[in-house]
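Data block below; observations after.
The values are calculated or read from the model by the stated rules, or taken from the named source; none is laboratory data. Bear in mind the structure is a predicted one, so any value in this text is a computation, not a measurement. Neighbour counts run over all protein chains shown; Cβ positions are idealised from the backbone, glycine included. When the accessible area is computed, the model is the full protein with side chains, heavy atoms only, and any ligands, DNA or RNA have been set aside. Shrake-Rupley method; radii C 1.70, N 1.55, O 1.52, S 1.80 Å.
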Amino acid sequence: MLQLRKRFSKWKYVAFSLASFAACFIFYWYISQSVLENKQLAIFLPTYQKIFNGAYSIFIDNSERLMYDIFISVSRVAIGFVAAVIVSLPLGILIGSFSLFEAIFQPLIEFCRYIPVPALIPVLMAIFGIGEQAKIMLIFVGTFVQLTLMISDNISRVSMNYLHAAESMGATTIENIRLVIFPAASAEIFDSMRICHGWAWTYVVVAELIATNDGLGIRIMKLARFIQMPKVFFYIFILGLVGLVLDMLFRKLKARLFSWAES
């Protein structure tokens, strides 16, 4: 069972995954039941019954708002993430392929990587205002920095033996990049995109603090302000569920597009 890199059967994988979720749910149930006598803690750790009642109230009274919150957050992440991919992909390839571009861009991007994304909110608001542009740009900047460095690393790890073999057959620099380096790193680049897409969802919660009334992130903050913790927990659950579904779609797409990489 613990053999290195030995794959489980599909049913074993699903069984262990469900067991891990069940263990987390049981652990929270135990914690929420154990603090019932402490009224202050009980407010912030609602039981499953209270969370269910809160979810039921949202579906009955505000189902349209919930759907719109999901739609607007997904839209913001999608636009910011796609923009980051469009810029990061060619730049990451250049940084990973040429020392000149690595020297010019990598130290600068590494510097930006250590600047917390929330610290950029005043700058982005000054440049783009308080509309959708500032929110999308915050998601873009946070995702772009990480994704560029990951793609450049994916590219730089392509074996030089492939390049020497292509050069010996007369491949030009452009052909080496287009026909050798990018295809060899494409599966890892797709994985990097999947990971950074997950980070984009953490940035959307920060982005939605910028003068907005819609979205999963701002809804959580508004509910928390009025200590409606059952509804807060439900929205957190929705946030995680949407992210998990999208991550599974990424994995399915990778298995279809890059089945050769598994072998």
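Key figures for this structure:
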item	result
Cα coordinate range in region 85-177, projected on the principal axes (Å, largest first)	55, 22, 17
Distance (nanometres) between label positions extended 7 Å along Cα→Cβ at Lys39 and Glu167	7.7 nm
Per-selection Kirkwood Rh - region 89-248 (Cα, Å, 1 d.p.)	18.0 Å
Heavy-atom accessible area per residue - the chain, 1.4 Å, Å²	62 Å²
Förster radius 35 Å - calculated FRET efficiency between Ser9 and Tyr68, Cβ distance, rounded to 0.05	0.30
Sparsely packed chymotrypsin sites (Phe, Trp or Tyr not before Pro) within region 119-224, loop by DSSP, other Cβ within 10 Å at most 14	none
Portion, in percent, of the accessible area of the chain that falls on carbon or sulfur, probe 1.4 Å	69 percent
Restraint check, Lys135/Lys222; Lys12/Lys231; Lys10/Lys254; Lys12/Lys50; Lys10/Lys231, Cα-Cα greater than 26 Å	Lys12/Lys231; Lys12/Lys50; Lys10/Lys231
Fully extended contour minus Cα-Cα distance, from Arg194 to Met221, at 0.36 nm per residue	7.1 nm
